[in-house]
1. Where Lys and Arg each count +1 and Asp and Glu each count -1, what net charge lies around Glu79 among other residues with Cβ under 13 Å from its Cβ?
2. Just from its helices, what would the mean residue ellipticity at 222 nm be for the chain, if runs of 4 or more DSSP H residues each count -39500 (n - 2.57) and the sum is divided by every residue, rounded to the nearest 500 deg cm²/dmol?
3. Relative contact order for the chain using alpha-carbon pairs under 8 Å, separation at least 6, rounded to a whole percent?
4. Please list, by residue number, every one of the trypsin sites (Lys or Arg not before Pro) in the stretch 22-73 that is coil in DSSP and has at most 15 other beta-carbon atoms within 10 Å.
5. Counting residues in the chain as N, plug N into 2.2 N^0.38 Å and put the Cα Rg over that result.
6. What's the extension gain from Lys82 to Glu51 if we count 0.36 nm per residue and subtract their Cα-Cα distance?
7. Would you mind checking the tilt of helix 8-28 against the longest principal axis of the Cα atoms of the chain, expressed as 0 to 90 degrees and rounded to 10?
8. Taking amide hydrogens as modeled 1.01 Å from N in the peptide plane, which residues meet the under 5 Å criterion relative to Lys48, leaving out close sequence neighbours?
Amino acid sequence: MSDTLKTTDDMAQARNVANAIAEGAPGYCNDDASKKAMCAMKSVEVVKGKETGFAFKGGKGVCTTDGQSYVSWDMITREIDK
């Protein structure tokens with residue numbers, strides 16, 4: 001988690017991201033191709049920024065929250081599947 005998350009609302013968005021991953025991963029990682037794609041992500045960081053979004057580069061996933069919304073599982077898989 002990033003030091004950009006300073007309020008309890010920010011921390012709640014980080015919790016929501018973690019829950020989305022925990023709930024979405026078992027249904028997504030059900031074949032070799034999806035497992036390989038997800039295994040490419042070695043770490044996930046939650047940060048606060050201007051817009052909610054997900055970026056993936058060099059094995060690292062960055063979940064950006066605007067403080068009001070969080071990165072959904074669908075946002076993550078759209079980037080991972082590219």
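1. +2
2. That comes out to -14000 deg cm²/dmol.
3. Numbers: 118 pairs, mean separation 26.1, N = 82.
Relative contact order, the chain: 32 percent.
4. For trypsin sites (Lys or Arg not before Pro) across the stretch 22-73 that sit outside H, G, I, E and B with at most 15 neighbouring Cβ atoms in 10 Å, the list reads Lys42, Lys50.
5. Working: Rg = 12.4 Å, N = 82, 2.2 N^0.38 = 11.7 Å.
Rg over 2.2 N^0.38 Å, computed on Cα atoms: 1.06.
6. Values: separation 31, 0.36 × 31 = 11.16 nm, distance 2.08 nm.
So the chain would gain 9.1 nm between Lys82 and Glu51.
7. The angle comes out near 10 degrees.
8. Here Thr4, Leu5, Thr65 satisfy the definition.
Laboratory data are not the source of any read-out in this text; all were calculated from the coordinates shown. In this text the structure is predicted, and so the values were computed from the model without any measurement. Please note: Cβ atoms are built from the backbone with ideal geometry, for glycine as well, and neighbour counts cover all protein chains shown.
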